[in-house]
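The values are calculated or read from the model by the stated rules, or taken from the named source; none is laboratory data. Just so it is clear, the model here is predicted, and its values are computed rather than measured. Cβ atoms come from the backbone with ideal geometry, glycine included; neighbour counts cover every protein chain shown. When the accessible area is computed, the model is the full protein with side chains, heavy atoms only, and any ligands, DNA or RNA have been set aside. Shrake-Rupley method; radii C 1.70, N 1.55, O 1.52, S 1.80 Å.
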Amino acid sequence: MNKLDSFYCELLKVGFIVLRQAVASRNEEWINAELEFLHNIPSLIGEANVERHRYFWFQERVAYIDWMAANGSADAQSRMRTFYEPIWQEMESSILELTGSEV
């Protein structure tokens with residue numbers, strides 16, 4: 001398993017924790033945001049198509065962040081910062097190197 005695959009696995013691991021918290025909150029919009037963010041991650045593990053990784057990073061992840069900024073409760077935003085942001089920070093250099101993108 002390569003480093004990027006490890007990051008995706010970690011996102012799934014913490015994602016199920018965050019999803020459980022969203023379900024416990026009974027906030028359907030938050031639940032749907034979590035499902036939308038997580039649903040493609042399993043298929044990215046071992047994926048050779050760079051464009052799929054690019055789409056996840058620059059489209060799906062950004063859409064999730066934008067949703068949180070506009071609609072997320074304080075609790076939801078706190079979970080994003082606590083669980084996802086540290087992984088994204090570590091993951092960023094791997095994604096940018098793979099996709100040939102810049103910050």
Study note, to complete from the structure: Summed over the other residues with a beta carbon less than 12 angstrom from that of residue 72, with K and R at +1 and D and E at -1, the charge totals -2
Exercise for review: Give the accessible surface of the chain per residue, rounded to a whole number of Å², with probe radius 1.4 Å and ligands, DNA and RNA excluded.
Suggested key: 58 Å²
**Study point:** Rounded to 10°, Cα long-axis angle of helix 61-71 versus longest principal axis of the chain
**Key:** 20 degrees
**Study point:** Kirkwood estimate for the chain, i.e. one over the average of 1/r between Cα atoms, Å
**Key:** 13.9 Å
Check your understanding: Mean residue ellipticity at 222 nm from the helices of the chain, using -39,500 (n - 2.57) per DSSP H segment of n ≥ 4 over the full residue count, to the nearest 500 deg cm²/dmol?
Key -> -22000 deg cm²/dmol
Revision key, fill the gap. Note to self: C-alpha centroids of region 5-23 and region 58-103 sit apart, in Å, by 13 Å
Check your understanding: Where does helix 85-99 land angle-wise versus the long Cα axis of the chain, in degrees 0 to 90, nearest 10?
Key -> 30 degrees
